[in-house]
Amino acid sequence: VANARLKKRGDWHTGTLHLTAYHLIFRSNSGEELWVGYPLMYAVELVKPQPVRSRKSRRSGAAIAAAGIGRGSGSPSATPATPDDDDASSVYSSSHDGASDSSVTTTTAATTNSAATIPGDHGVRNTTGVINIQCHDFLMISLVCPTVAETCDVFLTIQNLICVDSVERLYAFHYRPLELATGAASNGWDIYDPEKEFRRMGVGSAAGNDLGANWRFTDLNCNYQLSPTYPRILVVPARITDTTLA
C-alpha cells in the first residue's frame, strides 16, 4: 500500500506498507524499515471513522429537529440517516463478518477520539479508519491507508495471518538460512569445537602459574559409556587420573 501512514511512539511516518506471508513491513520515505512478525501481535483493532454528514443533510437534520421542538415534543427528534451521509459502516461491517478471534475487533471513532484526526496534518480529518496494533513486546502502532477499501483489505489480511490454524504455518517452519538457500551450508557439527573452546578459556595451559594448568582433558567418555548425559570430551582436575575416574 503506497502513501500509507504509520504512527509509532507518537510520531507519524509516511511510506509504503508491505504484508508478506510472515511479516508486516513498513518502509518510510526516509528509508527506515519496521518489521513486525504476526505472532508478535497481541491485538488488532479497526477503528471506523465517524460518518461525515454533508452540508445538505445537516441543514435537513436541523430543520427536522427545529420542527420537533416547535411541536412541543420536549426534545429534538433524532435526525434520520439520509443517502447524503458519507457512511462507510456497511463496508466495514460486511468485511468483518465471520471474524471470531477476540484479538481482532472493530470500533467506531467518536468525535473526541484521537483516530478522528491525524496529528501532524494540521487537523485533517481521517475518513478511512485507523488500524491499531498492540504487540506482546509493548510495541503499539497505528496504520492509516489512503482509502477505505485498502484499510479493509489490510485489516482482513492481518486478521487471517495472525489467526493460523496450524503451527506449521509459522515462520520457523519455512525459514531457510542463506547458506541453505545457496547450497553453501557447512557441517553444523563442526561449528562448535568443545576442546578448542576450552583451550580458548585457558584449560590445559602449560604455564605453571596459570589456573588452567590445574585442569586437563580426558576422552574417557568418547563413546558416552562413562556418562550418557555428559559430552564426549571432559575437563577434569589435573591430579585425578583416568583410572580413578573410571
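The values are calculated or read from the model by the stated rules, or taken from the named source; none is laboratory data. Every value quoted in this text rests on a predicted model; they were computed, and no experiment measured them. We place every Cβ from the backbone using ideal geometry, glycine too, and count neighbours over all the protein chains shown. Keep in mind that these areas ignore ligands, DNA and RNA; they rest on the heavy atoms of the full protein, side chains included. Shrake-Rupley method; radii C 1.70, N 1.55, O 1.52, S 1.80 Å.
Scanning for something surrounded by 14 or more Cβ atoms within 10 Å (Cβ to Cβ), of a type outside the set (S, T, Y) and either at pLDDT below 80 or within 22 Å of the chain's Cα centre (by Cα) (or both), does segment 168-184 turn up at least one residue?
As a first pass, look at segment 168-184 and keep what is surrounded by 14 or more Cβ atoms within 10 Å (Cβ to Cβ): 170.
Among the residues that remain, those that are also of a type outside the set (S, T, Y) are: 170.
Checking the rest, the ones that are also either at pLDDT below 80 or within 22 Å of the chain's Cα centre (by Cα) (or both) come to 170.
So far as segment 168-184 goes, yes, one or more of its residues are surrounded by 14 or more Cβ atoms within 10 Å (Cβ to Cβ), of a type outside the set (S, T, Y) and either at pLDDT below 80 or within 22 Å of the chain's Cα centre (by Cα) (or both).
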(message) What's the number of the only condition in (1) open to solvent by less than 60 Å² (accessible area, probe 1.4 Å); (2) in contact with a helix residue (DSSP H, G or I) (Cβ under 8 Å, 6 or more places away or on another chain); (3) at pLDDT 55 or above that P39 fails to meet?
(response) (1)
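Residues are listed down the side, and each one gets a yes or a no for (1) open to solvent by 50 Å² or more (accessible area, probe 1.4 Å); (2) modelled with pLDDT of 90 or more; (3) touching a helix residue (DSSP H, G or I) at 6+ places or on another chain (Cβ under 6 Å):
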| position | (1), (2), (3) |
| --- | --- |
| A4 | no, yes, no |
| H13 | yes, yes, no |
| H18 | yes, yes, no |
| S30 | yes, yes, no |
| E33 | yes, yes, no |
| P49 | no, no, no |
| R55 | yes, no, no |
| G61 | no, no, no |
| G72 | yes, no, no |
(request) For segment 223-246, enumerate the residues that are open to solvent by less than 70 Å² (accessible area, probe 1.4 Å) and part of a helix (DSSP H, G or I). (result) D242, L245
